[in-house]
Structure formats: C-alpha cells, structure tokens
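Read through the structure below, which is laid out as structure tokens, and then see the notes.
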Amino acid sequence: MNMVRCFVAVDVDDIGVVSRVTRIQQQISETGAKLKLVEPENLHLTLRFIGEVEVEQIGRIVEALERVEFVSFQVEFASLGAFPNNRRPRVIWIGVRRGAAELAELSANVNSALSKLRLPKPEEEFTPHLTIARVKAGAGSLAAFIEKNSNVEVGTMAVNSFRLKKSILTPRGPIYETLYEKRATG
C-alpha cells in the first residue's frame with residue numbers, strides 16, 4: 001500500500017512577510033534555545049492536516065477540494081506566542097490579527113468538503129497561526145523574548161489560493177510538494 005502524508009494550507013509566500021519572519025527567526029535563534037526553524041519556503045497556515053492516505057485517495061481529495069469556493073482576502077500577521085504556553089514553549093508561532101475569521105471559515109469549508117471521504121477528523125479546533133520554529137531543547141531566554149515581542153507586527157498578505165501539500169519527512173526537516181492548488185473565485 002503506497003501512502004502519502006498530506007495537508008491543506010495557505011502558503012506564506014509574500015516576500016515582505018517572509019523577510020520579516022526570517023528576521024524574527026534569527027533573533028529567536030540567539031536566545032540559546034535549541035530550535036528547528038521552519039524554512040522560508042515551508043512557511044504556511046495549515047487549514048487541515050490530513051495525515052497518511054493511500055495514493056489512490058488523492059484524486060478524491062482533489063475532487064472534494066475543487067468544490068470549495070472562496071473569495072480572496074487579506075491576512076495580517078501580528079503577535080508572537082508559543083504552544084503550549086510562553087513559559088514552556090514547544091512551538092513558536094506568529095498570530096493572525098486580521099483575516100482570522102476568513103481563515104476559520106475557509107478551514108471549515110475545507111473540512112466540510114473532506115467530511116464525505118471518511119478521513120480522520122481534525123484532532124484540535126482550528127486556531128489560525130504561522131508556525132515559525134519548534135523547540136528541541138533548552139528554552140534559554142526564549143520565554144523572555146516571546147514576552148518582549150508578543151505584540152510584534154509582521155505584515156499583511158493576500159490569500160488568493162490554498163494548496164493540497166504532500167509532506168515528505170526527512171532527518172533535515174520536511175519537504176513539501178504541491179499536489180493541487182485551488183484559486184479564489186474573486
């Protein structure tokens with residue numbers, strides 16, 4: 001059985017936003033924490049993590065996603081935080097200030113379209129965020145950095161499409177490949 005690990009996401013490819021994120025990542029790396037930074041080309045907002053599916057099911061997933069209609073909208077990235085919390089950071093993220101409701105609606109529409117395919121349900125409620133780093137060990141002065149920069153302004157980008165992405169896990173980090181792209185209708 002040939003399996004593919006996949007998810008549905010909005011790629012963050014606005015040059016200004018990516019540049020600002022990489023500057024924040026550089027500052028985070030100077031806190032002494034052992035981190036795995038998300039590569040600039042891998043920055044994305046996950047709408048739905050699907051997980052492992054049989055290759056044959058990709059066509060049905062694409063057919064379902066083809067039915068999702070949405071209008072282009074703006075997303076504003078602002079605030080810095082961590083999961084599970086700032087004191088015990090495991091995942092460092094940048095929040096979504098404007099466009100969060102539209103992202104939540106898009107995620108709900110994607111989930112609705114995929115619901116007929118008997119895929120595992122999402123484990124967590126959708127929270128729009130941009131993962132920028134994972135903490136591997138030792139938080140160093142990371143908590144203090146997050147607190148100090150909790151109101152950081154990162155920038156705005158247009159959401160004109162979402163993509164079905166294939167994720168290949170490697171020791172150096174994931175490699176993503178776009179399997180399908182759905183463009184906004186307006």
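Computed from the coordinates by the stated procedures, all read-outs in this text should not be read as laboratory data. Quick caveat: nothing in here was measured; it's all calculated off a predicted structure. FYI the Cβ positions are ideal-geometry reconstructions off the backbone, even for glycines, and counts take in every protein chain you see.
Going by the structure shown, is A113 touching a helix residue (DSSP H, G or I) at 6+ places or on another chain (Cβ under 8 Å) and touching a residue at least 24 places away in the same chain (Cβ under 8 Å)?
So A113 passes the test.
Quick check on segment 128-138. Is at least one of its residues under 21 Å from the mean Cα position of the chain (by Cα) and small (G, A, S)?
yes
Just wondering, is there one or more residues in segment 120-131 that are among the β-branched types (V, I, T) and part of a strand (DSSP E or B)?
yes
Of the residues L37, L80, L106, which is touching a helix residue (DSSP H, G or I) at 6+ places or on another chain (Cβ under 9 Å) and within 22 Å of V159 (Cβ to Cβ)?
L80
Can you tell me which of (1) surrounded by 14 or more Cβ atoms within 10 Å (Cβ to Cβ); (2) closer than 24 Å to I58 by Cβ is the one A143 doesn't meet?
Unmet for A143, out of (1) surrounded by 14 or more Cβ atoms within 10 Å (Cβ to Cβ); (2) closer than 24 Å to I58 by Cβ: (2).
Among (1) surrounded by fewer than 17 Cβ atoms within 10 Å (Cβ to Cβ); (2) of a type outside the set (F, W, Y); (3) in contact (Cβ under 8 Å) with a residue 60 or more places away in the chain, which single condition is R88 missing?
(3) is the only condition that R88 fails.
So, of the residues in segment 24-78 that are out of contact with any Ser or Thr (no Cβ under 6 Å at 6 or more places or on another chain) and hydroxyl-bearing (S, T, Y), which turns out to be surrounded by the most Cβ atoms within 10 Å (Cβ to Cβ)?
Here the answer is T46.
For segment 141-159, what are the residues that are of a type outside the set (A, V, I, L, M, F, W, C) and in a helix (DSSP H, G or I)?
E147, K148
I'm checking my understanding of the structure. Among residues of segment 59-115 that are outside any helix (DSSP H, G or I) and of a type in the set (K, R), which one is farthest from Q25 (Cα to Cα)?
Selected residue: R67.
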